[in-house]
Amino acid sequence: VQLVESGGGAVQAGGSLRLSCTASGRTFTNYEMGWFRQPPGKERDLVTRISRWGTTSYYADSVKGRFTISRDNVKNTVYLQMNSLKPEDTAVYYCAAERIGGTWSLVDVDYWGQGTQVTVSS
């Protein structure tokens, strides 16, 4: 699976951004999809993930109520809508695909996107 991300950029605190990640190469619905982020000098952590049919999702506490993950299985695309952005959301955001039933640890992710920078200024 190849994952291509778009939609990153710079925004002021309180603003919004929408990230997109389009997959190609394998059957999209064979994979759960998610987003990780890696702030400068810190580890890469899971932000959110969504099940193959989009029926269930998980969010890290730090983004609950502000971020929304969704997927379009016709377009083979997963989205991350980010609202009420804070400076601490500044990071490189990575799209990820993992086979059904995986643990979503870094070593279990099957495919990664190239990453897209999100910068939130105060």
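The values are calculated or read from the model by the stated rules, or taken from the named source; none is laboratory data. Keep in mind that what you see is a predicted model, and the values were worked out from it rather than measured. Cβ coordinates were reconstructed from backbone atoms using ideal geometry, including for glycine residues, and neighbour counts include every protein chain displayed. The accessibility values were calculated without ligands, DNA or RNA, using every heavy atom of the protein model including side chains. Shrake-Rupley method; radii C 1.70, N 1.55, O 1.52, S 1.80 Å.
A Cβ distance below 9 Å, combined with a sequence gap of six or more or placement on separate chains, defines the contacts here; from region 72-96, residues that are over 16 Å from Ile50 (Cα atoms) and touching a residue at least 12 places away in the same chain (Cβ under 8 Å) reach residues that are assigned to a loop (DSSP other than H, G, I, E, B) and of a type in the set (D, E, K, R) in the pairs Asn83/Arg66; Ser84/Arg66; Leu85/Arg66; Lys86/Arg66; Asp89/Arg66; Ala91/Lys42; Ala91/Arg44; Val92/Arg44. The residue that is farthest from the chain's Cα centre (by Cα), counting only those in region 20-39 that are in a strand (DSSP E or B) and more than 19 Å from Asp61 (Cα to Cα), is Ser24. Just one residue in the set Thr90, Thr22, Thr103, Thr29 is open to solvent by 80 Å² or more (accessible area, probe 1.4 Å) and either at pLDDT below 95 or out of contact with any Gly (no Cβ under 7 Å at 6 or more places or on another chain) (or both); that residue is Thr103. Among the residues of region 97-122, just one is in a loop (DSSP other than H, G, I, E, B), under 11 Å from Tyr31 (Cβ atoms) and within 13 Å of the chain's Cα centre (by Cα), namely Val109.
Every residue in region 40-85 that is of a type in the set (A, V, I, L, M, F, W, C) and either part of a strand (DSSP E or B) or open to solvent by 70 Å² or more (accessible area, probe 1.4 Å) (or both), please.
Selection gives Leu46, Val47, Ile50, Trp53, Phe67, Ile69, Val74, Val78, Leu80, Met82.
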